[in-house]
Amino acid sequence: MATNTREEPRSPRASVVSSEADAKMVVATSREDCQKLKDLVCQQDATTMLVVTSSSKQDPHEVAPATMHPLVAAAACRGNREELNFLLNREGPQEHPIPVSTACSHHGGGSQIFRNQVAAYSCADLEQGTNEVSLLNGVTVEGDTALHLVAANGDGEDFLKCADLIHTKNKVVLLSMEDKAGLLLSTQNNKGDTPLHCAARAGKTKMVSHLIGLSKDNNIVEELLRKENNSKETALHEAVRIGNNDIVKVLLEADPRLACFPEKGSSALYLAILQEEESIAQTLYDKSEGILSYWGPDGQNALHAAVLRSTEMVKKLLDWNQKLTSQGDCNGTSLGAQEVRRLLEANPAALYQPDKCGLYPIHIAASVGNKMLVAKFIRYCPSSAGLRDSIGRTFLHVAVEKSRRNIVSFASRTRSLAWILNMQDNDGNTALHLAAQAGSLRMFCSLFVNPQVHINIINKKVQTPLDIARCRIPPGMHSEQSSEAKIHLILKQTGGRYGGHRWDHFGGKYIQREVESKELEKVKDSTQALCIGSVLIATVAFGATFALPGGYKADDHTNGGTPTLAGRYAFDAFIMANTIAFICSSIATVGFMYSGTSMVDLKTRKVYLGTAVFFMYSSVTSLAAAFALGVYMVLVPVAHKTAVAVVVTSPLVVIFTNIEIWLKMLFMHELCAVESE
């Protein structure tokens, strides 16, 4: 809130005020200032000038629409013509307002409930500040007029009469104001919907017909029916969306070319097919005599939607318009990548039509992992397997880059595709190069087990797959069971060769160098996580030593206080396993303590960490064995089968600690078995 006593330039209209004494100008810039202004009015004399500014970006010359009176909204939603007639026929402000009860009775103003509702509002609200124009032009918070509400809430005789009443009153008011642009019939709410949109969305067939009839009287049929809302949709789209074929027929009979709109955007036909409304799609085609829009969003057309929904609809669309097969979406993607037999029969050249990115249908199918579609493409046209995109990639290159293992496995196992396995892209990379680069052991093995795949092909950087695999191994500490390390090991042990680089140059150019700060972080994080496990194992092993299974002999017996089960083979094995678990976990704990000490140099900390990890894995194995032996000793005399089951399932702990190794071995065994077949 600002106060300014500086004299400001005055307009001619302000000349009257200029003759007065010095005035004080007060500006309100927030809601808090408004209250201060009200207090100032009460405190200051009449010479004070108040100026209130708003932060709204609304055009100051634009008059905001009046808020719809709640009684008008209620009457419109209920379709009560008598109440609407009373409210809309009331005169403007009067010097001596007519009593509400008298007015209601005189105008046939409905039931006693309505009279009570009218009486609930103050005389100033109903009689002095409201007139026919403001009541008729009032809107809800969503911008709906009374005609919107009537159209959306019913299509019985009462609602139709209400629509007539509102339309008639609206025309009378417009004639008196000589305004032709304020017709409520075509007024749009905040979402751009006309009353016709609302009626169609609500499934009110009679109301739709009635509104169209009213538009004929005003010669605005095409203008009303083709009017689009903020979503670029006509009332026809709303009818299609709710699946009301009757409303679709009514709209198309009034305007047979309505299915051509919007000219830019999703057509009603596309929406009908996407919602699997085949009968509506047929109605759209028949009523429009085949002249309709097929377009969908992002440059797609109705055939894009049909191939995802219905084969029968695909056949119909191809019968209606053969050109749809050659149209692409916003990326230039043709429909050959989404449907096979029917589309290829209609247009076999679709398989050889690239999009704007240079991708052919087989590349797109491979990128999304659709193996069935790729197989159909190759079976229908084997030469399409060798198609290359703008950077020289085949569908196999794309599949590897997108990690589509099913496509890679299919290509490797299909004998007729052996000729593409060693094809190189513009960078000279084969699919095996890319698999090594991706570090995917499964994709690499799928290609590697095929004897037709050459493992020593050099790319344009003079790199073989072995070079790439070596570059992918993380510097410094890393797991020898990682996919990158396994790929490098497999290539090296099966005759893989490095490229033509000198090793010192290659290492300096491509291999990542070890960064001490990152290595220290690895050692620290590993130590903190693993040390907890080793301490827990040592605690459990220590406790099990003095809480032996079977308990101890009583003191009054021979060798009192000694273990009851001592002397048995299983007991001796239990003690040894538990002892090894305790010793190994203790060594591991000490090793982790040293590896986490910053006073020790990095190289020594790595040695301690590696040793501690080995002993911790050994302690896990020993503890699992001790558990199995202890349970076996206790249960075998009374529950032999249960004891055996415990012994058999206990090694799962050991297997899980090396789950990655077992899974990789199993996968490679399956690949070799399939290849041998």
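Read-outs: derived from the displayed coordinates by stated rules, not from any lab. Just so you know, these numbers come straight off a predicted model, no measurement behind them. Note that each Cβ is placed from the backbone with ideal geometry, even for glycine, and that neighbours are counted across all protein chains shown.
In terms of the mean number of neighbouring beta-carbon atoms within 10 Å, the peptides 451-462, 189-200 order highest first as 189-200, 451-462.
Taking amide H as placed 1.01 Å from N in the peptide plane, the amide H of Asn301 sits under 5 Å from that of Gly296, each at least 5 places away or on another chain. Look at the dipole of segment 516-663 built from charges on Cβ: of Leu609, Gly560, Phe546, the Cα furthest out on the positive end belongs to Leu609.
Give the shape of segment 141-246 as rounded, prolate or oblate, defined through the alpha-carbon gyration tensor: a ≥ b ≥ c are the square roots of its eigenvalues, a/c under 1.5 means rounded, and otherwise the shape is prolate if a/b is larger than b/c and oblate if not.
On the way: a/c = 1.66, a/b = 1.35, b/c = 1.23.
Cα axes put segment 141-246 in the prolate bin.
Go through segment 528-536 residue by residue and turn each phi into a ³J(HN,Hα) via Karplus (6.51, -1.76, 1.60, θ = phi - 60°); whole Hz please, and just put x for glycine and proline. 3J(HN,Hα) across segment 528-536, in whole Hz: 4, 6, 6, 4, 4, x, 5, 5, 4.
Can you flag which of Lys316/Lys356; Lys169/Lys264; Lys249/Lys315 are past 26 Å Cα-Cα? List each step's numbers first, then the result.
Details: Lys316/Lys356 28 Å; Lys169/Lys264 36 Å; Lys249/Lys315 23 Å.
Cα-Cα > 26 Å for Lys316/Lys356; Lys169/Lys264; rest within.
Once you charge only the Cβ atoms, +1 for Lys and Arg and -1 for Asp and Glu, what is the size of the charge dipole of segment 391-510 about its Cα centre, to the nearest 20 debye? Intermediate values should be presented prior to the final figure.
Values: 16 positive and 7 negative charges, 38 e Å.
Value, rounded to 20: 180 debye.
In this simple spin-label approximation, Ala349 and Ile583 carry label points 7 Å from Cα along the Cα→Cβ vector, and these lie 8.1 nm apart. Measuring nothing but alpha carbons in segment 516-663 and taking Rh as the Kirkwood radius, the Rg to Rh ratio lands at 1.10.
Using 0.36 nm per residue of separation minus the Cα-Cα distance, give me the extension gain between Gln452 and Lys216 in nm, one decimal. Working shown, then result.
On the way: separation 236, 0.36 × 236 = 84.96 nm, distance 7.52 nm.
Stretched fully, the Gln452-Lys216 segment lengthens by 77.4 nm.
Determine by what factor the alpha-carbon radius of gyration of segment 391-510 differs from 2.2 N^0.38 Å, reporting the quotient. Numbers along the way, then the final one.
Values: Rg = 13.7 Å, N = 120, 2.2 N^0.38 = 13.6 Å.
Against the empirical 2.2 N^0.38 Å value, I get 1.01 for segment 391-510.
Each label point was placed 7 Å from the Cα along the Cα-to-Cβ direction; for Val654 and Thr539 their separation is 2.6 nm. Summing Lys and Arg as +1 and Asp and Glu as -1 over all other residues whose Cβ lies under 9 Å from the Cβ of Ser367 gives a net charge of +1.
Sorting 155-164, 281-290, 383-392 by their mean Cβ neighbour count within 10 Å, with the most densely packed peptide first, gives 155-164, 281-290, 383-392. Scoring 596-602, 264-270 by mean Cβ neighbours within 10 Å over their residues and listing the highest first yields 264-270, 596-602.
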